[in-house]
Structures are given as C-alpha cells and as structure tokens.
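What follows is a short report on a single structure.
The values are calculated or read from the model by the stated rules, or taken from the named source; none is laboratory data. Not measured: the values here are computed from a predicted model. Heads up, the Cβs are rebuilt from the backbone with ideal geometry, glycines too, and the neighbour counts pull from every protein chain shown.
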C-alpha cells in the first residue's frame, strides 16, 4: 500500500506545483518557469519516494513499465487509480487556493493549467497536430524514463535526468497544447473546468498512451533480454 500512497502524493505535488505555476504565476514565470516547475517537482519526488514506488506519478510512465514487463497488471491498475486520485486532490487544493485569494478571482477565470487544442491552444494548433505533439513528447519522456532506469549505473541520476527531460518537453509543448504527457495531470483540471477542457480530454489521455506504447515497443526491440531494474528502483 505504501507505494500506492507514494504515487498519490507524488502526483498531487506534480499537479499542484506544475499546474499551479501555470494558473497563478504563468504571466510572471513565463513558459520556461512553468516548465521548470513541472520538472523540479519530478526531481524532488524522485529522491523522496523513488525507492518505494519508482516515482512514476504518470499513467503513461506506468503503462510503459507495464508494456516492458517491469510491473504486473495489478500494480499498473492501482498505480493509475492512485495517480488520478492524487491529481484530483492536487487540483482541488489549487482551486481552493485560487478562490481564497481576493485578487486572483475564481479558478474558472484563472484556469487550472488545463490542456487544449484549437481555440484552447496558445498557437491554435489543430486536433491532429495536438495528437502528434502529445504522442511524440510522451514518447521522448517515457523512452527516457525506461532508459535511465535500466541499470544501476544510470539509476543514481535518474531523478535529475527525468526531471530535466520533463522540462525540455514542456518548453516546446506549452505553447502548443499546454503539455500533458500525463493523463492524470490532464484529467484533474478538465474535471474541474468542464466545458471545452473536458470535451478535449480524450486526446490528452489517448495520445500520451500511444506515445508510451511506441516507447515501450522500441525499448523492447533495443533490449530484447529486458535485463532491467524493477519499476520501484530508480
């Protein structure tokens, strides 16, 4: 049970600080600042909960681990459930914080760092473009996670590498889709925002899973013997 709780806490922190930076301080931090907020959340959590749960805090990462036979089906399902719960709690806290401010206004006005395409995209990217963006960015991210956690030699720096990878996929992705690469991170804001964010949510669930599937498939081709560390050792 400890590893599931860790995934809940880790995803909560990622969503609260990542989406919170976008919603509350986006105008001050800019895209680079938001990208680092997401990345540093991963770094911090990796070195706190990594030895217990592996610090996936992302259903796409867990999917990649499951595809490559580094976690069983029960753990995969429970990880995703607790990741989603953690994301929802994180967004609930963020929404409360925003609504408690005399100057920020309602969270429906500030937004909650939700993802989107078309009119919800800063550059107006269409649905097809958004799907490709999310699939590619997730592929890069999950492929990095799988690779850097493969052996003990690289696992000691995994948290930093994974965090910085999340930063650089956000740098290109934020103007396009807001950068999901994480179905739980997209689910929670969409549930609270409703409307367009909820209608477009399917893309930010399906595309990251497609990216993770590709990453897992290529990884298995490159390392057919699959002599890797378990999912909870990074």
ask   = Name the residues in region 31-46 that are touching a helix residue (DSSP H, G or I) at 6+ places or on another chain (Cβ under 6 Å) and within 28 Å of residue 73 (Cα to Cα), would you?
value = 38, 39, 41, 42, 43, 45, 46
key: Test: residue 48 is at pLDDT 95 or above and part of a helix (DSSP H, G or I)   = no
message = residue 80 - would you say it is crowded, with 24+ Cβ neighbours inside 10 Å and either touching a helix residue (DSSP H, G or I) at 6+ places or on another chain (Cβ under 6 Å) or not in a loop (DSSP other than H, G, I, E, B) (or both)?
response = no
inquiry  = Given (1) more than 14 Å from the chain's Cα centre (by Cα); (2) in contact (Cβ under 8 Å) with a residue 60 or more places away in the chain; (3) within 17 Å of residue 181 (Cα to Cα), identify the lone condition not met by residue 60.
reply    = (1)
request  = Would you check if there is a residue in region 131-139 being within 23 Å of residue 25 (Cβ to Cβ) and in a helix (DSSP H, G or I)?
outcome  = yes
ask   = If we scan region 155-162, do we find a residue that is surrounded by fewer than 20 Cβ atoms within 10 Å (Cβ to Cβ) and in a loop (DSSP other than H, G, I, E, B)?
value = yes
request  = Determine if region 206-216 includes at least one residue that is surrounded by 19 or more Cβ atoms within 10 Å (Cβ to Cβ), touching a helix residue (DSSP H, G or I) at 6+ places or on another chain (Cβ under 9 Å) and more than 21 Å from residue 75 (Cα to Cα).
outcome  = yes
key: Residues located in region 9-25, provided they are farther than 21 Å from residue 56 by Cβ and either free of Cβ contacts under 8 Å to residues at least 60 places away in the same chain or outside any helix (DSSP H, G or I) (or both)   = 25
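Here is a yes/no grid of residues against (1) within 25 Å of residue 196 (Cα to Cα); (2) surrounded by fewer than 20 Cβ atoms within 10 Å (Cβ to Cβ); (3) without any contact (Cβ under 8 Å) to a residue 60 or more places away in the chain; (4) touching a helix residue (DSSP H, G or I) at 6+ places or on another chain (Cβ under 8 Å):
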| site | (1), (2), (3), (4) |
| --- | --- |
| 7 | no, no, no, yes |
| 29 | no, yes, yes, yes |
| 67 | no, no, no, yes |
| 91 | yes, no, no, yes |
| 96 | yes, yes, yes, no |
| 99 | yes, yes, yes, yes |
| 109 | yes, yes, yes, no |
inquiry  = Looking at region 190-201, can you tell me whether even one residue there is touching a residue at least 40 places away in the same chain (Cβ under 8 Å), farther than 23 Å from residue 39 by Cβ and loosely packed, with under 15 Cβ neighbours inside 10 Å?
reply    = no
